[in-house]
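Chemist: Supplied in structure tokens, the structure appears directly below.
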Amino acid sequence: MSVLLYKQRFRQPNYKDTPACNYAHVRYIARRRGVLKNEGMGHGLFGKLEPGEMEQYDTWKEVASHIYHLSKEGKNIYRSLISFERSTARELDLTNQEDWRRYVEAQIATIAEKNGIKIQDLGFACAVHDERHHPHLHVVFWDKSQSVSKNFVHKSVPNSIRKQLIKDTFASRIREYYAEKDIARNAVREITDKEVKEFEQYIKEIRPKEYERIKGWFETFDEDAIYADPVYGVFSDKAMLPLVQTLFEIKDLIPKDGRIVYKLMPPEVKEKTDDLVIALLKNNAGLRRAVNRYIESKMNLVKLYGGNKKYLSGKRKEFQKEAERLIANRITRTLKSLCQKERHNRFVKEERRYYTEQLIIELLEMFSRLSYGNDRRFEDGQKAMSTELSKQARKELYLQMKDKGIEP
């Protein structure tokens, strides 16, 4: 299993677009593909706006609007995330939304206390994303009594929350670990930070691949790229409506029979798809940044082996084309899904917009994941190159990198 991962941040209250970004964040966590939905609803948002029982909100817009107005008042809206590797979630019996609600109820006091918020002044909204490898919980929270905006929270706060969550979540497993090491521990003895650190290291060593996979997603995905765009705003009509229209125009052009694969599509479908790729990159600064980061991560791998200016310029163009092909293929996957869904119902306006937004989010996540993988390979290559390698050793390293899809 993997250790528990915790992340916390907030958007500066004095930024002009903070209220809109916080609104969009709530929409994202409530409606994202893979969210565990409230019964009979199209979203998965639950929590407490006021003291009392935790509730499933009737509409995400109610909560998003509430948070929007709190942001306008200058209150900090904190975004936190708790994530486990899939096998860990199963071991903890976190398999449905009800299980996660109980988990939140047990742990939310820790998040409030470490952030200096009295439990009676805490408001929060949550959603669970049931990802294949890393199911995770989003918690948006705020202090209802806050009168002065904060521009900084020391990194020791989320670190302290993570350690306490590990202590509470894995108490029995930590004690079992020390018992197996023949270090007798009293059953009621308080678990220290030192023990948490040792337990985390133990987990990383026995499941290194799983830990690196979840850590990579956790650290590299830029969620603000989803909302903040300096030109077009937060999924604004100006940015989204042309994309929605083009995506569904392509869907209507796809033949009813045959495989839905980009390279097998009729010329007019390919042309329209290529136009949509260009429009996506033009209208979304966040996606452009994600693609540029992906290209740079590929270029770093190439530069390990050198190359003249002309060669490197050619590789950059090649990787740009490669990124565009990846986008086109992801569009095709979305179109295939839409065609399958349409057999059962026609898409209303709001659904069309939703599926187009999901496409953009998936593209951002995809390039973030690929860039992280390239960065790790680059670090491995750097370590290898730092030693005095023989020509044969360098050749073997070249072949290894080529096998992983890196061909300088």
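The values are calculated or read from the model by the stated rules, or taken from the named source; none is laboratory data. Source: prediction; values computed, not measured. Cβ atoms come from the backbone with ideal geometry, glycine included; neighbour counts cover every protein chain shown. When the accessible area is computed, the model is the full protein with side chains, heavy atoms only, and any ligands, DNA or RNA have been set aside. Shrake-Rupley method; radii C 1.70, N 1.55, O 1.52, S 1.80 Å.
Chemist: Net charge within 15 Å of K48 by Cβ-Cβ distance, Lys/Arg positive one each and Asp/Glu negative one each, not counting K48 itself?
Modeler: On the way: positive: R101, R102, K118, K144; negative: E50, E53, E55, D58, E62, E105, D121, D143.
Charge balance near K48 sits at -4.
Chemist: Something else about it: Based on the Cβ-Cβ distance of E268 and N292, what FRET efficiency does E = 1/(1 + (r/R0)^6) give at R0 = 30 Å, to the nearest 0.05?
Modeler: Numbers: r = 30 Å, r/R0 = 1.00.
That pair, E268 with N292, gives E of 0.50.
Chemist: Let me ask something additional. What number, in percent, do you get for the relative contact order of the stretch 1-58 if the mean sequence gap of Cα pairs under 8 Å and at least 6 apart is divided by its residue count?
Modeler: Details: 37 pairs, mean separation 9.9, N = 58.
Value for the stretch 1-58: 17 percent.
Chemist: What distance in nm separates the two pseudo spin-label positions at K144 and E249, each 7 Å out from Cα along the beta-carbon direction?
Modeler: 4.9
Chemist: Still on this model: What ranking of M240, M54 comes out by heavy-atom accessible area, probe 1.4 Å, highest first? Kindly include the intermediate steps, with their values, before the conclusion.
Modeler: Working: M240 0, M54 40 Å².
Accessible-area ranking of M240, M54, largest first: M54, M240.
Chemist: Taking the simple approach of a point 7 Å from Cα along Cα-to-Cβ for both A279 and M54, what is their distance in nm?
Modeler: That separation, rounded to one decimal, is 4.1 nm.
Chemist: What accessible area, in Å² to the nearest ten, does a 1.4 Å probe give for I250?
Modeler: 0
Chemist: I would also like to ask the following. Name the residue from I327, V291, T273 whose Cα lies farthest towards the positive end of the charge dipole of the stretch 261-336, charges +1 on Cβ of Lys and Arg and -1 on Cβ of Asp and Glu.
Modeler: Final value for the positive-end residue is V291.
Chemist: If we count every other residue with Cβ under 12 angstrom of M265's Cβ, Lys/Arg +1 and Asp/Glu -1, where does the sum land? Could you put the intermediate results ahead of the total?
Modeler: Working: positive: K251, R259, K263, K270, K272, K336; negative: E268, E271, D274.
Net local charge, M265 excluded: +3.
Chemist: At what distance in angstrom do the alpha carbon centres of the stretch 239-272 and the stretch 304-380 lie from each other?
Modeler: Taking the Cα centre of the stretch 304-380 as reference, the centre of the stretch 239-272 is 16 Å away.
Chemist: While we're here: Charges only on Cβ, +1 for Lys and Arg, -1 for Asp and Glu: so what's the dipole of the stretch 89-183 about the Cα centre, in debye to the nearest 20? Can you show the working numbers first?
Modeler: Values: 15 positive and 14 negative charges, 89 e Å.
Dipole size: approximately 420 debye.
Chemist: With each pseudo-label sitting 7 Å past Cα toward Cβ, what's the R325-D193 distance in nm, one decimal?
Modeler: According to this spin-label approximation, the distance is 5.0 nm.
Chemist: Output the relative contact order of the stretch 239-358, whole-number percent, from Cα pairs under 8 angstrom with separation of 6+ residues. Intermediate values should be presented prior to the final figure.
Modeler: Values: 66 pairs, mean separation 50.0, N = 120.
Relative contact order comes out at 42 percent.
Chemist: In the stretch 99-166, which chymotrypsin sites (Phe, Trp or Tyr not before Pro) fall in coil by DSSP and have 16 or fewer other Cβ atoms within 10 Å?
Modeler: Values: sites: W100, Y103, F124, F141, W142, F152; in loops: F152.
Hits after loop and neighbour filter: F152.
Chemist: With a 1.4 Å probe and all protein chains in place, put T273, T59 in order of accessible area, largest first. All intermediate terms of the calculation are to be shown ahead of the outcome.
Modeler: Details: T273 5, T59 55 Å².
Of T273, T59, the descending order of accessible area is T59, T273.
Chemist: Moving to a separate point now. Using Cα pairs under 8 angstrom and six or more residues apart, how large is the relative contact order of the stretch 8-164, in percent? Provide the component values of the computation, followed by the final result.
Modeler: Working: 249 pairs, mean separation 47.5, N = 157.
Across the stretch 8-164, relative contact order equals 30 percent.
Chemist: May I ask you to rank H25, H133 by accessible area, largest first, using a 1.4 Å probe over the protein chains only? Before the final figure, lay out each step's value.
Modeler: Numbers: H25 5, H133 65 Å².
Ranked from most to least accessible, the order is H133, H25.
Chemist: Using protein chains only and a probe of 1.4 angstrom, how many square angstrom of V348 are accessible, to the nearest 10?
Modeler: Counting only protein heavy atoms, V348 exposes about 80 Å² to solvent.
Chemist: If ligands, DNA and RNA are left out, what is the accessible area of K336 with a 1.4 Å probe, given in Å² to the nearest 10?
Modeler: K336 has an accessible surface of roughly 100 Å² with all protein chains in place.
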